[in-house]
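S.K.: Structure in structure tokens, see below.
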Amino acid sequence: MAARNDGALPTVAVTGAAGYIGARLIEVLAADDGVGRVIGFDVVEPACLPEGVGFERLDVRNPGLEHRLAGVDAVIHLAFIMDPIRDEREMRDANVNGSHNVFRCAARAGVRKVVYTSSATVYGAHPDNDVPLTEESPLRANLDFSYAANKLEVEYVVREVRADHPELIVTVLRPAIVLGPHVDNAWSHLLSLPVLFGVRGHDPPFQFVHEDDVAAALAFAVHHDLDGAFNLAPDGWITGEALLRLLGKRRIELSEPTLFALWEALWSAGLAEAPAGMLHYVMHPWVVSADRLAAAGFSCARSNEQAVTAALGSIGEAVRIGRARVSRSGLVRTAVTGLGLAGAAATVFAVRSRRSA
């Protein structure tokens with residue numbers, strides 16, 4: 001999308017402006033000579049806004065968003081609860097109903113284009129997946145992983161909105177796992193653990209996209225009418241062994257029943273980053289082909305390996321235990337590295353029990 005018919009540069013609105021991708025995207029758009037005004041929306045104010053960028057504190061479920069989008073040419077919808085929470089009803093309301101409201105408000109306000117960031121998790125992680133998956137592959141998200149289930153449901157909302165508003169251009173980007181120097185998501189939290197955990201007998205390939213490539217792809221979609229779904233990932237993928245080497249870590253493998261049961265217990269106790277359904281995505285392949293986006297003119301500038309390496313600082317010293325960040329020196333190393341996840345869980349539960357006694 002270049003200038004509007006009246007010769008003015010396009011006005012772009014970004015939901016989720018305070019998120020790490022939203023903040024990076026706003027920097028890119030603010031420096032883009034082909035973009036006019038940039039407006040950010042979020043429930044919290046961004047730590048830093050480039051000069052000239054507007055901001056309004058607003059929940060994407062607010063129907064008043066329609067009036068705020070008057071005169072906007074393109075909406076980039078990033079607002080989403082990325083890390084699963086135990087209140088799945090609230091998470092779904094914010095993610096699915098919030099997205100529905102954004103799309104409907106944009107259409108009613110006369111916005112020309114909506115760009116939505118979905119996820120490659122919508123394809124699901126299954127043993128019979130194509131390697132790689134394409135945009136024609138069936139969407140079979142593992143529904144016991146709430147993040148993937150919400151992303152899949154929003155894609156169905158997109159189909160409804162497109163049917164009701166055929167004049168609206170809707171770009172759906174499906175990125176692989178996003179990593180980078182500012183990354184803060186469930187995947188980076190898992191990678192921050194002293195050891196990685198796997199399901200015995202499963203060693204799928206992994207795919208990572210740099211946060212700057214995600215921001216660049218979103219900006220590209222502002223200037224080009226990409227109608228439909230597009231996978232977003234660098235060429236190829238990396239093996240589990242290659243990932244371990246990049247991170248300088250080792251892997252502890254448990255049987256599928258043991259790890260699923262233990263992970264669900266940790267999730268219920270607030271000690272895990274996501275429900276056990278996320279484990280499907282470390283068991284089975286779900287890597288994608290980005291050939292369709294490349295044919296449209298955009299390719300990632302950084303490789304899988306570069307995305308991982310760029311994140312090493314952000315996943316270095318701080319370790320997430322549930323929602324809390326602790327230093328590596330604060331962990332009981334023998335429990336984590338010697339006994340594995342089960343030992344770590346037992347240690348934490350023992351400490352909790354002593355404190356509550």
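Rule-based calculations on the coordinates, nothing more; no lab input. Computed from a predicted structure; not experimentally measured. Cβ sites come from the backbone with ideal geometry, for glycine too, and all protein chains shown count toward neighbours.
S.K.: What number, rounded to the nearest 500 deg cm²/dmol, is the helix-based mean residue ellipticity at 222 nm of the chain, given -39500 (n - 2.57) per DSSP H run of at least four residues and division by all its residues?
M.R.: -10000 deg cm²/dmol
S.K.: So which GluC sites (Glu not before Pro) in region 158-244 pass both tests, a DSSP loop state and at most 13 other Cβ atoms within 10 Å of the Cβ?
M.R.: E167
S.K.: Turning to a different aspect of this structure: Expressed as a whole number of Å, what is the distance separating the alpha-carbon centroids of region 245-312 and region 14-53?
M.R.: What the calculation gives is 28 Å, centre to centre.
S.K.: Are there chymotrypsin sites (Phe, Trp or Tyr not before Pro) in region 169-252 that DSSP marks as loop and that have at most 15 other Cβ atoms within 10 Å, and which are they?
M.R.: Here no chymotrypsin sites (Phe, Trp or Tyr not before Pro) fit, given the DSSP loop and packing criteria.
S.K.: Follow-up. Note down the relative contact order for the chain as a percent, whole number, built from C-alpha pairs under 8 angstrom at least six residues apart.
M.R.: Reported as a whole number, the value is 18 percent.
S.K.: Among the GluC sites (Glu not before Pro) within region 36-144, which fall in a DSSP loop and have no more than 13 other Cβ atoms within 10 Å of their own Cβ?
M.R.: In loop regions of region 36-144 (DSSP not H, G, I, E or B), the sparsely surrounded GluC sites (Glu not before Pro) are E51, E136.
S.K.: Let me know the shape class of region 12-356, please: from the alpha-carbon gyration tensor, a ≥ b ≥ c as square roots of the eigenvalues, rounded when a/c is under 1.5, otherwise prolate if a/b is greater than b/c, or oblate.
M.R.: Note, shape of region 12-356 comes out prolate.
S.K.: Taking only Cα atoms, what is the 0 to 90° angle, nearest 10, from helix 98-108's long axis to the longest principal axis of the chain?
M.R.: In the chain, helix 98-108 runs at an angle near 10 degrees to the longest axis.
S.K.: Roughly what angle does helix 20-30 make with the longest principal axis of the chain, taking Cα atoms, 0 to 90 degrees, to the nearest 10?
M.R.: The angle comes out at about 30 degrees.
S.K.: Stretched out fully, how many nm does the piece from D291 to D164 gain, at 0.36 nm a residue minus the Cα gap?
M.R.: Here the answer is 42.8 nm.
S.K.: Where does region 187-236 land on Rg/Rh, using Cα atoms and the Kirkwood Rh?
M.R.: Ratio of gyration radius to Kirkwood radius for region 187-236: 1.12.
S.K.: In degrees from 0 to 90, rounded to the nearest 10, what is the angle of the helix 256-268 Cα long axis to the longest principal axis of the chain?
M.R.: Here the helix axis deviates by roughly 70 degrees.
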